[in-house]
There are 2 protein chains.
Amino acid sequence: MMPEALIEKSEKPRVVILGGGFAGLELAKALRRAPVQVVLIDRQNFHTFQPLLYQVATAGIEPSSILYPFRKIFDDQPNFYFRMAEAQSVDTDKQILETSIGYIEYDYLVIATGATTNFYGNAEIQKKAIAMKAVEDALALRNTILTNFEKALQIKDEIQLNSLMDFVIVGGGPTGVELAGALSELRKHVFPKDYPELNFVNMDIHLIQSGPQLLKGMSDQAASEAKEILEQAGVKLWLNCRVKSYDGFKVQLDTGESLCTRTLIWAAGVTGTFLDGLDRSMGTTGNRLKVDPYGRVQGYENVFAIGDIAAMSTEEHPEGYAMMAQPAIQQGKWLGKNFRRLLRNEDLQPFRYNDQGSMATIGRNKAVADLKVFGKTYKTQGFRAWFIWMFVHLMSLIGFRNRLVVFINWMWAYFTYDTGIRLIIGKKKENVPVEEVTEKTVV
Amino acid sequence: MMPEALIEKSEKPRVVILGGGFAGLELAKALRRAPVQVVLIDRQNFHTFQPLLYQVATAGIEPSSILYPFRKIFDDQPNFYFRMAEAQSVDTDKQILETSIGYIEYDYLVIATGATTNFYGNAEIQKKAIAMKAVEDALALRNTILTNFEKALQIKDEIQLNSLMDFVIVGGGPTGVELAGALSELRKHVFPKDYPELNFVNMDIHLIQSGPQLLKGMSDQAASEAKEILEQAGVKLWLNCRVKSYDGFKVQLDTGESLCTRTLIWAAGVTGTFLDGLDRSMGTTGNRLKVDPYGRVQGYENVFAIGDIAAMSTEEHPEGYAMMAQPAIQQGKWLGKNFRRLLRNEDLQPFRYNDQGSMATIGRNKAVADLKVFGKTYKTQGFRAWFIWMFVHLMSLIGFRNRLVVFINWMWAYFTYDTGIRLIIGKKKENVPVEEVTEKTVV
């Protein structure tokens, strides 16, 4: 029998929150003054501000600027307890969560485990591509890009050289578009100065999108502007195209064409991360847990789900809200308020999503934004959208020190056309050693 | 036969610098306008500002603030070539250096490979202790400290708990003293807020020094003041004491006593890192290469050594200068000037060391400094020494952006009594899994 994890017993009901992403973090904060014991479980000791991961990957900002230790965020919240642990399964009858540090009893369980990269079942791609979902992914991409150029200096063979200097990004959502934009900025302003011995005409950036448009879910105007900006920046767009296979060197497309690269970046979608022991027969939608308008997982009284993992079906969004930061943040805050109502025996309020629109930045002075203010949509592109994007993201960072440091980094990069964090530390992706690829392999 | 590394052939003589520490970096800079081709070889793509590694280890500053990509430092120096590679051996007859990327011809070879941690031949300590010489070490220590506290929350057994919460530092030089000071600051101001469930009375910091005094090489006044500050901060000092063995759990001292810790930090000394193929029969001193007053390795015309690896014997320093930043920086600059003289067929100048003194910071407002100005020594302690330490180290950082970011971090930490980078990312040292240690193991 698994031992019990040591957490102080409290007379107050215990709310166990599984996952400290946007949803879990906001919920824990919202329960600050609630008469409950809050226990947050996460595999890592920090929250990740995912929207800026691509800037870590492209050496624009320090990882520590977008990672916040949970204990620091909550160091003045007495009802908050954190445990760094991996959840293994749940026994909903006994109200017990099994984790890597022992079992944890709960009165209320909130599943906020979020989503993970969706490789659509392709194990080889999963093994050989770089995802863009966690800080380890971002650092691996940074290390891989820089290591590739260091290796390229020793290569004469053209196919080999291209495989090191070309980058293929799969997925035309915000992450893919922002990465492609950031890489093209680096190709223009930074890499030629760092590597005067390499010819950056050889560096191709491919962006592959399964559908006919980029930035699905945004306005046609935003989509076509993003396409234009990327094409002007020299990014090669492959619309209505899918990747069939990748062996660490050759990307086979379903159009019959193929691309050579050692760096395939997979930003093609996400899928829910489940917890063993939960009765899924009650229904899932697109690999997410079906929840009622109060966030309850179908079939349970005291198990809730919020954020990416929760599919809350509404008329406007029959498949649930988009798997993005905004619905997660709002659901976290709202569920916190509902818990306080619940404990006062008041009526619960159904969730109402306040769509504030969405944006993507593509390069220097260039972004697209569909803003929703009091129900009206304002579409804007170019410098204004870029400025709004910067302001909104800066203000979303946790802590004044982080805002200041990121602001300095951004201003510095803006005026010097340079970023400072082109370091190779830690893991990188090395699928096929350069020496092992001969022309035969390529044919 | 190893292939030749691809580096542009130049009509100018090629100076190959092995190692981009303080000595190699300053030499490469000093050769900016010299009629030579500069090829810098380093295993990493960045220079490490080692004096502040202990602040990375204690979560005070970002790694990127003390790491500078070589390519960025030299992006406007046309005669500079960088290769990320490991040197394997040298053939001084053929003037060829063998490296992990192929062989490299040289006209002049400068060995600036520095020093590595000295475990005095104890392989088990080498395997189980954490060194404090590279950024990977510093990050491993940061991860280990934080992981230990997360684990300690699940432990009731007193011996187990102490093994996780106690830290043993070996070596009473600047690194050991500064680490002990920083850990005691964290124990006082930061950790109790982060881990309100742990009792930090249980956290012991031990500092072990083989000799009778801390900060060997500094004045008696500095040494005794450092001792007093550390004792007041609750650091347990073990003078005239050596570590005999460490199994990942138990530190056996030569006094017969033993300490239990999962974290042994080894800052007990450094030793030169050699290069195969060099005729060492000509003499080494304390595992360093003997060089003449012009930096030439004994027995060679065109092989030089500078920095920690070079033992330049003088009347005042028969064993060579101290293995510290200052002699390395000055030798790098001086050898750069001498190369220009050499190429103009002028007389070479022997090296003259300008000792500017040394300092160590021990905590908030507390430091010791022996400053040498125009040959006179000024000894100062307390707030003034601390302020001078901060100013000197801030100004030594490369790049205005880094100075600004570190300054903000330091000011922030000073006024909020908090630092922000308590993240667990990447490797940590796990010698003995908690589960495997029973009371039997300890007895």
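Read-outs: derived from the displayed coordinates by stated rules, not from any lab. Bear in mind that the values here come from a model prediction, so they are computed numbers and not experimental data. Cβ placement follows ideal geometry from the backbone for every residue including glycine, while neighbour counts extend to all protein chains displayed.
Things worth noting here:
- Whether region B:258-378 is rounded, prolate or oblate, judged on the alpha carbon gyration tensor where a/c under 1.5 counts as rounded: oblate
- Helix-derived mean residue ellipticity, 222 nm - over chain B, DSSP H n ≥ 4, -39500 (n - 2.57), to 500: -9000 deg cm²/dmol
- P(r) of region B:219-283 over all Cα-Cα pairs, binned every 10 Å from zero, in whole percent: 15, 31, 27, 18, 8, 0
- Rg over Rh for region B:125-165 works out to 1.06, both radii taken from alpha-carbon positions and Rh defined as the Kirkwood radius.
- DSSP-defined antiparallel bridges as percent of all bridges, the protein assembly as shown, nearest 5: 50
- Rounded to 10°, Cα long-axis angle of helix A:220-232 versus longest principal axis of chain A: 40
- Surface/4 estimate of mean projected area, convex hull on alpha-carbon atoms of region A:347-428, nm²: 9.3
- In nanometres and ascending order, the distances from the B:Gly286 label point to those of the other copies are 6.7 (point 7 Å from Cα along Cα→Cβ).
- Fraction in percent of alpha-carbon pairs per bin - 10 Å, region A:194-237: 25, 42, 20, 12, 1
- Max mean-square fluctuation residue, GNM over chain B, Cα-Cα springs under 10 Å, options B:Gly173, B:Gly375, B:Gly24: B:Gly375
- Once the convex hull of all Cα atoms in region B:66-110 is built, its volume per residue stands at 100 Å³.
- 10 Å beta-carbon shell around B:Tyr417, net charge (K/R +1, D/E -1): +1
- Label points for A:Gly102 are taken 7 Å from Cα along Cα→Cβ. From this copy to the others they lie 6.0 nm apart, shortest first.
- Ranked for footprinting exposure by Cβ neighbours inside 10 Å, fewest first, B:Met395, A:Met132 give B:Met395, A:Met132.
- Principal semi-axes of the equivalent ellipsoid, √(5λ) from the alpha carbon gyration tensor of region B:282-348, are 20, 14, 10 Å from largest down.
- Rounded D (µm²/s) - region B:165-219, Kirkwood Rh over Cα pairs, Stokes-Einstein at 37 °C, 0.692 mPa s: 269
- Ordering A:Gly382, A:His47, B:Ala129 by the projection of their Cα atoms onto the charge dipole of the protein assembly as shown, which places +1 on the Cβ of Lys and Arg and -1 on the Cβ of Asp and Glu, puts A:Gly382 at the extreme positive end.
- Region B:244-310: C-alpha pair distances exceeding 19 Å, %: 50
- With the alpha-carbon atoms of the protein assembly as shown aligned to their principal axes, the span from lowest to highest coordinate is 88, 65, 46 Å, starting with the largest.
- Net charge dipole, region A:256-349: roughly 380 debye, given to the nearest 20, about the Cα centre with Cβ charges of +1 for Lys and Arg and -1 for Asp and Glu.
- Rg/Rh (Cα only; Kirkwood hydrodynamic radius) as it applies to region B:29-69: 1.15
- Among A:Val110, A:Val235, A:Val405: highest mean-square fluctuation, GNM of chain A, C-alpha pairs under 10 Å: A:Val405
- Region A:1-108: mean projected area of Cα convex hull, nm²: 7.5
- Folded to 0 to 90 degrees: helix B:135-152 orientation relative to chain B principal axis, Cα: 10
- In a reduced charge model with +1 at each Lys and Arg Cβ and -1 at each Asp and Glu Cβ, region B:216-280 shows a dipole moment near 220 debye about its Cα centre.
- For A:Gln252, net neighbour charge (Lys/Arg +1, Asp/Glu -1) across residues whose Cβ lies under 12 Å away: -1
- A label point on A:Arg341, set 7 Å along the Cα-to-Cβ line, lies at 8.4 nm from each of its counterparts in the other copies, closest listed first.
- Shown here: region A:334-390, whose C-alpha atoms stretch 52, 21, 11 Å along the first, second and third principal axes, sorted largest to smallest.
- When you work out D = kT/(6 pi eta Rh) for region B:128-228 at 4 °C and 1.567 mPa s, using the Kirkwood radius from C-alpha pairs as Rh and the Stokes-Einstein form, the result is 88 µm²/s.
- Amide proton proximity set for B:Phe46, modelled H, under 5 Å, gap of 5+: B:Phe70
- Net charge contributed by nearby residues that have their C-beta within less than 10 Å of A:Thr144 (K/R +1, D/E -1): +4
- Rounded to the nearest 10 degrees, the angle from helix A:325-343 to the longest Cα principal axis of chain A is 10 degrees.
- Placing +1 on each Lys and Arg Cβ and -1 on each Asp and Glu Cβ, with no other charges, gives the protein assembly as shown a dipole about its Cα centre of roughly 2040 debye.
- Ellipsoid semi-axes in whole angstrom, largest first, where each is sqrt(5λ) of the Cα gyration tensor of region A:1-60: 30, 16, 7
- Cα-based Rg / Dmax (Å) for region A:47-176: 20.1, 65
- Per residue, the convex hull spanned by the Cα atoms of chain B amounts to 158 cubic angstrom.
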